[in-house]
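Beneath this line is the structure, given in structure tokens, with notes to follow.
No value in this document is a laboratory result; all are computed from the given coordinates. Computed from a prediction, not measured in an experiment: that's the story for all the values here. All Cβ positions, glycine included, derive from the backbone under ideal geometry; neighbour counts span all protein chains shown.
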Amino acid sequence: AQSVTQLGSHVSVSEGALVLLRCNYSSSVPPYLFWYVQYPNQGLQLLLKYTSAATLVKGINDFEAEFKKSETSFHLTKPSAHMSDAAEYFCAVRNTGNQFYFGTGTSLTVIP
Amino acid sequence: NAGVTQTPKFQVLKTGQSMTLQCAQDMNHEYMSWYRQDPGMGLRLIHYSVGAGITDQGEVPNGYNVSRSTTEDFPLRLLSAAPSQTSVYFCASSPGLAGAAEQFFGPGTRLTVL
């Protein structure tokens with residue numbers, strides 16, 4: 001069975017600091033991995049996805065994530081946090097089946 | 001393209017009432033799904049469909065029905081609402097399950113059951 005673990009339900013960073021949001025997955029086969037962002041009172045938007053073409057994936061708004069098979073991780077990073085990055089972030093996984101599995105989310109607060 | 005649309009945006013029901021949450025997409029996507037979002041629990045899959053006429057249960061299907069008579073529409077029915085169904089509901093669609101096709105989400109329906 002698939003599962004996704006997001007370490008840290010709440011993360012606070014100062015404006016301009018590095019953002020690191022952690023995601024670990026369990027899968028018996030190489031999965032497809034996604035990061036979504038949810039702004040208040042909105043639906044989820046895709047930030048980036050892992051397609052096996054490259055282990056370092058670049059997404060929108062300078063976010064990127066690195067797939068590490070040995071660590072079963074897909075952590076999300078951004079070099080410099082902006083106030084507009086404050087949102088809820090979800091990691092999701094799908095293998096060859098019909099279902100997506102989402103983590104419980106990480107709420108990012110950016111401190112001015 | 002309007003993308004994925006959901007109606008209504010907000011709804012208040014009394015225990016035992018029934019209602020249908022509407023979801024439509026204009027992207028000709030084969031795959032559609034319904035999730036509920038509760039604090040601290042992320043998104044949990046209720047039902048999904050891989051094409052018109054085909055539906056299947058997700059992680060939390062009890063108390064909900066779905067049907068998929070057209071590619072565009074995927075309504076979610078609550079037969080007898082319960083307070084435990086108070087949640088935010090999201091509909092999503094995807095062009096398919098080949099490769100790393102992502103899901104596109106609607107804006108959500110916030111449901112309160114009293």
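Miscellaneous remarks
- Charges were assigned to the Cβ only: +1 to each Lys and Arg, -1 to each Asp and Glu. The resulting dipole of the stretch B:44-114 about its Cα centre is roughly 200 debye.
- Ranked A:HIS10, B:HIS29, criterion: other C-beta atoms within 10 Å, fewest first: A:HIS10, B:HIS29
- Across the options B:PRO95, B:TYR64, B:ALA24, the greatest Cα extent toward the positive end of the charge dipole of the stretch B:4-114 (unit charges at beta carbon of Lys, Arg, Asp, Glu) belongs to B:TYR64.
- Shown in residue order for the stretch B:6-22 are the 3J(HN,Hα) couplings computed by the Karplus curve 6.51 cos²θ - 1.76 cosθ + 1.60 at θ = phi - 60°: 10, 9, x, 7, 9, 8, 10, 10, 9, 3, x, 6, 10, 6, 10, 8, 9 Hz (x for Gly and Pro).
- Among A:VAL11, A:THR72, A:GLN38 - extreme Cα towards positive end, dipole of chain A, charges at beta-carbon: A:THR72
- Global form of chain A, assessed from the alpha-carbon gyration tensor, a/c cut-off 1.5: prolate
- Dividing the alpha-carbon radius of gyration of the protein assembly as shown by the rule-of-thumb value 2.2 N^0.38 Å gives 1.02.
- Taking amide H as placed 1.01 Å from N in the peptide plane, the amide H of B:HIS47 sits under 5 Å from that of B:TRP34, B:GLY58, each at least 5 places away or on another chain.
- For the stretch B:73-82, the Karplus equation 6.51 cos²θ - 1.76 cosθ + 1.60, evaluated at θ = phi - 60°, returns couplings of 10, 8, x, 10, 10, 9, 7, 8, 4, 10 Hz by residue, with Gly and Pro reported as x.
- Projected-area mean, chain B, by convex hull of Cα positions, square nanometres: 6.7 nm²
- Taking the fewest neighbouring Cβ atoms within 10 Å as the starting point, the ordered list for A:THR72, B:THR15 is B:THR15, A:THR72.
- Listed residues B:GLY96, B:GLY42, B:GLY58, most fluctuating in chain B (Gaussian network, C-alpha, under 10 Å): B:GLY42
- Net dipole in debye of the stretch B:1-89 [+1 Lys, Arg Cβ; -1 Asp, Glu Cβ; about Cα centre; nearest 20]: 340 debye
- Highest-MSF residue in chain A out of A:GLU64, A:GLU15, A:GLU88 [GNM, Cα springs under 10 Å]: A:GLU15
- Ranked by how many other Cβ atoms sit within 10 Å of their own Cβ, fewest first, the residues B:SER93, A:SER14, A:SER26 fall in the order A:SER14, A:SER26, B:SER93.
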